[in-house]
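J.: Can you keep this structure in mind? I'll have questions shortly.
The values are calculated or read from the model by the stated rules, or taken from the named source; none is laboratory data. Source: prediction; values computed, not measured. A quick note on method: Cβ atoms are made from the backbone with ideal geometry, for glycine too, and the neighbour counts reach across all protein chains shown. These accessible areas exclude ligands, DNA and RNA; they are computed on the full protein's heavy atoms, side chains included. Shrake-Rupley method; radii C 1.70, N 1.55, O 1.52, S 1.80 Å.
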Amino acid sequence: PPVPGVTDQESISDWDLPFQLERSLITSEDDVYWNEHRLTPKAFIPRDDGRRLFGSRFGDTTSLRIDPQEGQSFEELQGELEGILRSVQSQLGFNVLPLRAQQLAASSGTTPFDVLFLMLSTFVIFAALLLIALLLRLGLLARAKELGTLLATGWEPATATHLITREAMFAAIPGGIAGVLLGAGYAWVMLWGLRNWWVGAVTVPFLQFHWSVVSLAVGFVGGQLIAWGTIRLTARQLHRIAPRVLLSGQFGESQHPNKSQARNWLGPLAILTLLCSLALGGFATQLSGQNQAGVFVGAGMMMLVAILVGLYAQLSRNAAAPIGSIEGYTSLWRLAAGNAKRNPLRSTLTVGLMASACFLILAMSAFQLSPTDSGVGGFDLVAQTSQPFYRDLTDPLVQNELFGGQAEVLSDIVLVAARLRLGQDASCNNLYQATQPTVVGFPARLAELEETGRLPAFPWAATDARSAEPSPWRLLEQSGAGTADDPVPVVLDQATAMWALQMYGGVGEVRAFEFDDGRTRHFQVVGLLSNSVLQGMLLIGEKNFKRLFPHISGDQYFLIHAPGDQSTTVASLLEDRLGDVGMDVTDSRTVLGRLLAVQNTYLRTFQSLGGLGLLLGTIGLAIAQLRNVLERRGELAVMRAVGFTNGRLAACVLLEHAVLLLGGIGCGLLAALLAVVPYAWLGQAHLPIAEPLLWVAAILVVGMLSGFVVLYRVVRMPLVASLRTQ
């Protein structure tokens, strides 16, 4: 076959070989023979002598010559040989592959993004339900006199509740249809962004939007059931409000001074939820990686629920206190804070809307990852060759022979060379399941570097607690035959184990892979790395690698530490002088950044859900304040009559708006801190400062802008007419 540097040369003397060739003087007859006969042998020796002289661990026979028997045609000989070989095809490495079944299995994907989006969407769903409740209560307030008249003329509260529910469902059904269409559009936009903006994170530009009637129907029916339950629960408050209260134009909980006595259980419930949150956070410290992050987020969610329940209990405790008098309130701030106690449930719902959006946005921004020294194990460069390299690059003699006067550039490098069996990428960059992942065989040198502390240790998410080895890399030196009873020790990056290979058992789990030679090999996890540059590969010991893949020799994967700022120089030298073996050198932090970009990209998309929640929260905040203003028309008119200017009234309403807004931001921020600070303190992430502060500022600005809508309503309100109606 054509070999660059060999078959394209006119003379054997000009051959460019990757190894030292010891040969006698090349004559012109040698060149003539090569040009005319190529690899045709010049001499034939006995078979036993050839096997003795040229045999190796790969075998002692390179070809067979079989002649037909007398009277036998070539076709008959071919059929006879095929029949003999058919019974031993698997032993010869010939296998029939079910390509379609393998493709369908691989295309089922690795990361369950549908589940992740659905779980994180619970925040948005929660915010939407709170908004439904606020909107419905606002509508009931506008129709309070009508509902009071119906109840006063003999209607049962249950009948009125059914009426309100049916009327609201007439709006919920077209809203659900619009929501399905908007949801499909949102999914299409996300996929378009992954194909165009974030294609580096998924590495494939052919993602297509897919929908089914069943999925849309399930989403629509589920949304309608949740909306119906929220509407029904809100409308049932008609059972607890007297007709005379409705006839006065009121619809709220402030008319029930004894309700706080029925809610004495809220305080203990808040404390119990808080304790459960702290216990869950303590349990998270015993976990690692994504499991730890997920449990911390769950603890933060529970903390948020505890805060909201405690807030509702505190507001309800003083709900019966007279707020109409402003005596004792020495500032507008105290007056605004006191007005929040008028309607504890409404205030809590409003705070919860903003808090849930704030929590989701801040928590997701804190889990953004960036390359670290430990993530690359202190190695500055990652190199790979297309052909095996058989020489020791750390040997000064080899360096002088290959690089000549530039060998001194490599004198202080730290290099770890490993054997490589190329396979499918099992990192987050591959959206398909890896059935035959890449396998790397590391020598004991990697463990020696970690034990001596010469380079930063790789971040370990989990190791075998029973092992007394000073470095988890030593576990790879344990012998393994690759059978079910004697699996090969393997180290994986946690992202590779959980998402790409779907190995959720952690350390100790055994997994079998069938490679292209038809043999099934079993591996047992002895360690898990966290967010490392070694993501996407099975990492085993060099001795086990030789046992499992004896036909692969030489090194193809290299980790290189270059002192000082020599990384660029070292990379250029290696690529220039070792181009004949396809040496490709990449900055390790660049490689790690590409791997982490996948997780960061999906976190950004999840943050967009927080943006939707923020939009709902802002609308809900404005609705709550607008309802407050409508309920207090008479009170505002009295305040105007006793000397409050329009500006003073507007400032009072705006401060009430700010109290609820700051309360929501504070609750969300506190819950988010519980979710991310311990995670960062345990060294699993770096807690960002600038981005969360920018998000808090943006939430504050957007929330205050919604308050000006209410201010516009206050300024244009006919307070004199309102005073006449009181």
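J.: Which one, S277, L381, Q208, projects farthest toward the positive side of the charge dipole computed for the chain from Cβ point charges (K/R +1, D/E -1)?
T.: Farthest along the dipole direction, towards plus: S277.
J.: Any idea of the accessible area per residue across the chain, 1.4 Å probe, to the nearest Å²?
T.: Numbers: 37360 Å² over 726 residues.
Per-residue value: 51 Å².
J.: Can you pull the semi-axes for region 489-556, root of five times each eigenvalue of the Cα gyration tensor, sorted largest first, whole Å?
T.: Ellipsoid semi-axes (Å, largest first): 21, 14, 11.
J.: Which percent of the accessible heavy-atom area of the chain goes to carbon and sulfur, probe 1.4 angstrom?
T.: Working: 22720 of 37360 Å².
C and S atoms contribute 61 percent here.
J.: So between Q314 and E691, what do we pick up on full extension, going 0.36 nm a residue minus the alpha carbon distance?
T.: Values: separation 377, 0.36 × 377 = 135.72 nm, distance 3.25 nm.
Gain in length upon complete extension: 132.5 nm.
J.: Hey, what angle do you get for helix 74-86 against the long axis of the chain, alpha-carbon based, 0 to 90 degrees rounded to 10?
T.: The angle comes out at about 50 degrees.
J.: If you stretched the chain out fully between L85 and Y712, how much longer would it get, using 0.36 nm times the residue separation minus the C-alpha to C-alpha distance?
T.: 216.9 nm
J.: Using only Cα atoms, find the angle between the long axis of helix 289-317 and the longest principal axis of the chain, and express it within 0 to 90 degrees, rounded to the nearest 10.
T.: Value to nearest ten degrees: 0.
J.: Here is a follow-up. Rounded to the nearest 10 Å², what accessible area does V213 show when all protein chains are kept and the probe is 1.4 Å?
T.: About 110 Å², rounded to the nearest 10.
J.: Only Cα pairs under 8 Å and at least 6 apart count here; give the relative contact order of the chain as a rounded whole percent.
T.: Once normalised by length, the contact order is 19 percent.
J.: May I ask you to rank K145, K543 by accessible area, largest first, using a 1.4 Å probe over the protein chains only?
T.: K543, K145
J.: What does the helix-only formula give at 222 nm for the chain: each DSSP H stretch with n ≥ 4 adding -39500 (n - 2.57), the total divided by the residues, and the result rounded to the nearest 500 deg cm²/dmol?
T.: Helices in the chain give a 222 nm mean residue ellipticity of -18000 deg cm²/dmol.
J.: Would you be so kind as to identify which of S608, T590, T568 lies farthest towards the positive end of the dipole of region 556-664, taking Lys and Arg as +1 and Asp and Glu as -1 on Cβ and the Cα centre as origin?
T.: Towards the positive end, the residue furthest out is S608.
J.: With Rg and the Kirkwood Rh both taken from Cα atoms, where does Rg over Rh land for region 471-527?
T.: Rg divided by Rh gives 0.97.
J.: In addition: Is the shape of the chain best called rounded, prolate or oblate, per the rule: a/c under 1.5 gives rounded, else a/b larger than b/c gives prolate, else oblate, with a ≥ b ≥ c the square roots of the Cα gyration tensor eigenvalues?
T.: It comes out prolate by the Cα gyration axes.
J.: Taking only Cα atoms, what is the 0 to 90° angle, nearest 10, from helix 646-681's long axis to the longest principal axis of the chain?
T.: Tilt relative to the chain: about 30 degrees.
J.: Run the numbers on region 374-449 and let me know its relative contact order in percent, using alpha-carbon pairs under 8 Å that are six or more apart.
T.: So the answer I get is 21 percent.
J.: How much of the DSSP beta bridge set in the chain is antiparallel, as a percent to the nearest 5?
T.: Antiparallel bridges make up about 70 percent of those DSSP assigns within the chain.
J.: For region 19-73, just say rounded, prolate or oblate: build the C-alpha gyration tensor, square-root its eigenvalues into a ≥ b ≥ c, call rounded for a/c under 1.5, and beyond that prolate if a/b exceeds b/c, oblate if not.
T.: oblate
J.: With just the Cα atoms of region 339-489, tell me how far they stretch along each of the three principal axes, in Å, largest first.
T.: Here the Cα extents, ordered largest to smallest, are 85, 48, 35 Å.
J.: Let me ask something additional. When the Karplus curve 6.51 cos²θ - 1.76 cosθ + 1.60 is applied with θ = phi - 60°, which whole-Hz ³J(HN,Hα) does each residue of region 590-595 get, with x for Gly and Pro?
T.: 5, 4, 5, x, 5, 5
J.: May I ask you to derive the FRET efficiency for V218 and L269 from their Cβ-Cβ distance with R0 = 35 Å, giving the value to the nearest 0.05?
T.: The calculated FRET efficiency here is 0.60.
J.: Same structure, new question: When only Cα pairs under 8 Å and 6 or more residues apart are kept, what is the percent relative contact order across region 563-668?
T.: Relative CO of region 563-668 lands at 18 percent.
J.: Take the Cβ-Cβ distance between I177 and L705 as r, set R0 to 22 Å, and report the resulting FRET efficiency rounded to the nearest 0.05.
T.: Efficiency at R0 = 22 Å is approximately 0.15.
J.: For the chain, with only Lys/Arg (+1) and Asp/Glu (-1) charged at the beta-carbon, what is the dipole magnitude about the Cα centre, in debye rounded to 20?
T.: Charge dipole, the chain, about its Cα centre: 6760 debye, nearest 20.
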